[in-house]
Amino acid sequence: MNWASQISAARKSGKIPHTQELRGRQTHRGYEIKLVDTPAWRLVELPPITVPTRLTQPHTVVAALQEQPHRMELTRSVCSRALRIIQALVTATESKGHTAALGPTPGAPPPRHRRQAAPQFTITAQDESIGFLVLQEQDHRKHVPTEKELADVKKHTWMRIPRFDYTPANRLRLILRGGTTHRGSECADIPNRPLEDQLAEVVQEVDLRGEAAEVDRHADQKAQEAAQRHSGTAALGKCQT
């Protein structure tokens, strides 16, 4: 039985209390399904993030990206929108006490996969640096080989004809790197829910990753203090013997 699809159907049934959720995972004993309490942060009503219609006073990060378009690698059809989304995101997170900065200078040559590119900007929350990468989605269709390509393949057996043709789409994807993931590490334009409508969840994700980093820092500090006390006690015992 496909337990994952069964869990998905149960989630969509509307019979699970909104304060609880189903979780499933494969174990050595079989597939384990649990009904657990929904984390408190999932129940918080998030205020919407307003995206400006124009960039009248761009943040320093946004202004730098405007001046260095090679960092974004976006077509003109989506570049302005991407910068306005970044403006809204940076402004919202800085209002919560976080800081934004331009990402590292892109390396050369560019990475083979776009997702591996350096973050275009970072947001630091509670000393946790989170990198952000805005990508332009691509549409693809089956490639129709040209006569030249077919002839070249016959001459050179090492050559390969591409399977698909890719063209830039007017859709955007936002990727987050760094810290402990809560809601997720990606969000993208989907039907009836553009990226603008998901920014409140992205801002919350930044908050949660910062809080998790702070919890880890305190735990590490306590562990170090306990280790120092233990070593001190051990040293004192040796002296007394």
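Quick note: the coordinates plus some simple rules give every number you see, no bench work behind them. Since the structure is predicted, the reported quantities are computational estimates derived from the model, not experimental observations. Backbone-built Cβ (ideal geometry, glycine too); neighbour counts: all protein chains shown.
Numerical summary
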| quantity | calculated |
| --- | --- |
| Exposed-site-free run, longest, the chain (rule: trypsin sites (Lys or Arg not before Pro); DSSP loop; at most 14 other C-beta within 10 Å) | 164-241 |
| Label point distance in nm, Thr233-Thr105, each placed 7 Å from Cα along Cα→Cβ | 5.3 |
| Potential lengthening between Lys155 and Arg173 on full extension [0.36 nm per residue; Cα-Cα distance subtracted] | 2.4 nm |
| Rounded FRET efficiency, nearest 0.05, which uses the C-beta distance separating Thr181 from Gln221 and R0 of 30 Å | 0.80 |
| Förster-model FRET efficiency, 45 Å R0, Arg163 and Leu43, C-beta, rounded to 0.05 | 0.50 |
| Hits among lysines - C-alpha to C-alpha of Lys15 under 19 Å, sequence gap 8 or more where chains match | Lys34 |
| Cα→Cβ-extended label distance, 7 Å offset, between Asn2 and Ser95, nm | 4.3 |
| Length gained when the stretch Arg29-Thr146 is fully extended (0.36 nm per residue, less Cα-Cα span) | 36.7 nm |
| The chain: projected area of the alpha-carbon convex hull, averaged over directions, in nm² | 24.4 |
| Tilt relative to the chain, helix 76-94 - C-alpha long axis, 0 to 90 degrees, to 10 | 10 |
| Cβ-based charge dipole, the chain, positive-most Cα from Pro162, Thr122, Leu43 | Pro162 |
| Zone residues, region 26-60, relative to Thr19, backbone N less than 20 Å from point 7 Å out along Cα-to-Cβ | 34-46 |
| Cα Rg, Dmax, region 159-241, angstrom units | 24.7, 79 |
| Least to most buried among His70, His140, His59 (fewest other Cβ within 10 Å first) | His70, His140, His59 |
| Cut-off under 5 Å, modelled amide H: who pairs with Ala169 long-range | Glu137, Gln138, Asp139 |
| Where labels lie 7 Å past Cα in the beta-carbon direction, separation of Gln57 and Asp127 in nm | 3.3 |
